[in-house]
Amino acid sequence: MSDTMEKLVSLCKRKGFIFQSSEIYGGLNRCWDYGPLGVELLRNIKESWWRAMTYREDVEGIDASILMHPRTWEASGHVEGFSDPLVEDRKTNERFRLDHLLEEAGVDVTGMGFEEMSAKILELGLKSPKGNELTNPRQFNLMFKTHVGPVEDSASVVYLRPETAQGIFVNFLNVQQAMRQKLPFGIAQIGKAFRNEITTKNFLFRTREFEQMEMQYFVMPGEDEKWFDYWREQRYRWFTEALGIPASRLSWHEHVGAELAHYAKAAFDIQFEFPFGTGEVEGIHNRGQFDLGRHEEYSGKQMKFFNEQTKEKVLPSVVETSIGASRSTMMVLANAFAEEEIKEGDLRTVMRFHPRIAPLKVAILPLVKRDGMPEVARRIEADLRPHLRVFYDEGGAIGRRYRRMDEVGTPFCLTVDSETLTDDTVTIRERDSMAQERVKIADLLGVINGRMDIWKHPES
Ligand code: GAP
């Protein structure tokens, strides 16, 4: 693990962002729990996405169940094709993704299919990372299987959904009719998805249980390319404006050849520069008529939209935006993490979250625990708490309290001092610049909200 990642993982545990799941039992490989600050950050990211995607008249929200009729996954192509190429170490039985081993050996696997990768590994005579022989490559299906009801036979098999998208497709007509929507319109949802990934690594980046935020936009066939470009632009703006990710850390990746998923006509990823390398955070896919067409075929029910004007039935095309909530959290944490030397020998760690998604917005700090300062500070806390996530701290030297807030990314610290008692002002200290200014207590909410809206990442 890189030095930065080690520091970030350690900070996340120490400060209550992310804990290892079932840690007292030695942990469950690459499963993570969100602690008090982590869950706040995650919820803020999800809320920001939900507002951006559904607070508009052409997108509706739903929350579909994780377990779905197993035919769903036959129709979607997941039973047949949702697999990764796998090889095993013949001695230790450790499993590896073929494409990852090839990449580590310096091979560019872009556009390579299973056959080509299998041939390449033979040609190179690649061994496992422990130097042992590898098994022949095979395809490994990533869906988790379980059973519904008390009998564990083949008739009771169900899958934990590997993507939230299918819950949207099967509800296309329900939503369209209930909400009297016309094309183009979208359906959005946030929810857990599960993939039995062969290798999990890089903290929250690739896990077996994760959350997705997906939106399917149903359009007239022939209009898909226009909407594909529209959603690419919208989604990129959300990264820079809502999450405060500098454009210098983002890039586009176009899927070509065998890289294109079985359902996609065209696909672009928005990538982020993680400390361990460039990685996909969101996929924007032109899925054409694949999914609705397949559900018509497998369910025997028609999935067409009735166009009142032309009196014709239309099978819509679909543009999808698909992003991991967990992977976005990983990106936001990595983007925020910074170490700065303030003056010689004085190092501070600071999490530069966009204030709108920071877990805590304001810390309220009486300079000393006497002279009526805690009482005034408590009154400010009571005034602000209904509007903002605030944190009250009266323990320790003020400098140390500021640093504790920097480390968890609190954008504003309000300090109540002796001047407060005479002129009803406090100092407001900004996390990034560390600049301090006096503000009237009565103006605090407006000032804080104003500053949150104009915030920019220092590298933007
Ligand atoms: N419905 C399309 C779909 O699921 P995907 O590219 O397989 O597309 C979309 O996944 C997003 O879900 C990814 O860009 C990533 O952010 C997130 N994701 C996928 N697999 C993940 C995993 N194992 N752990 C965390 N996030 C994952």
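The values are calculated or read from the model by the stated rules, or taken from the named source; none is laboratory data. Just so you know, these numbers come straight off a predicted model, no measurement behind them. Heads up, the Cβs are rebuilt from the backbone with ideal geometry, glycines too, and the neighbour counts pull from every protein chain shown. SASA here: full protein model, heavy atoms, side chains in, ligands and nucleic acids out. Shrake-Rupley method; radii C 1.70, N 1.55, O 1.52, S 1.80 Å.
Some observations on this one:
- The chain: angle of helix 325-336 to the longest principal axis, Cα-based, in degrees nearest 10: 40 degrees
- Accessible surface of the chain, 1.4 Å probe: 48 percent of it comes from carbon and sulfur atoms.
- For segment 4-73, the set of trypsin sites (Lys or Arg not before Pro) satisfying both a DSSP loop assignment and a count of at most 16 other C-beta atoms within 10 Å is given as Arg56.
- Gap separating the Cα centres of segment 385-450 and segment 177-204, nearest whole Å: 38 Å
- Using R0 = 35 Å, the C-beta based FRET efficiency linking Val368 and Phe276 works out to 0.20.
- Between 0 and 90°, nearest 10: helix 114-124 axis offset from the chain longest Cα axis: 80 degrees
- At R0 = 30 Å, FRET efficiency that the Cβ-Cβ distance of Leu260 and Ser154 yields, to 0.05: 0.40
- Net charge of Cβ neighbours under 12 Å - reference Tyr236; Lys, Arg +1; Asp, Glu -1: -2
- Under 18 Å from the Cα of Lys182 - lysines, other chains or at least 8 residues apart: Lys226, Lys304, Lys311, Lys313
- Pairs beyond 26 Å (Cα-Cα), from Lys91/Lys120; Lys343/Lys369; Lys15/Lys369: Lys343/Lys369
- FRET efficiency, Thr92 to Leu173 (Cβ-Cβ, R0 51 Å, nearest 0.05): 0.50
- Accessible solvent surface per residue of the chain, calculated while the other protein chains remain in place, 1.4 angstrom probe, Å²: 47 Å²
- Rounded to 10°, Cα long-axis angle of helix 3-14 versus longest principal axis of the chain: 70 degrees
- Computed extension length for Tyr230-Glu57: 60.7 nm, one decimal, from 0.36 nm per residue of separation with the Cα-Cα distance subtracted.
- Label-point separation, Ser83 to Cys31 (7 Å along Cα→Cβ), nm: 2.6 nm
- Full extension of the chain between Ile342 and Glu123 yields a length gain of 73.5 nm, computed as 0.36 nm times the residue separation minus the alpha carbon distance.
- For peptides 422-435, 125-138, sequence by mean Cβ density within 10 Å, most packed first: 422-435, 125-138
- Charge context of Lys440, other residues only, Cβ under 9 angstrom, K/R +1, D/E -1: -2
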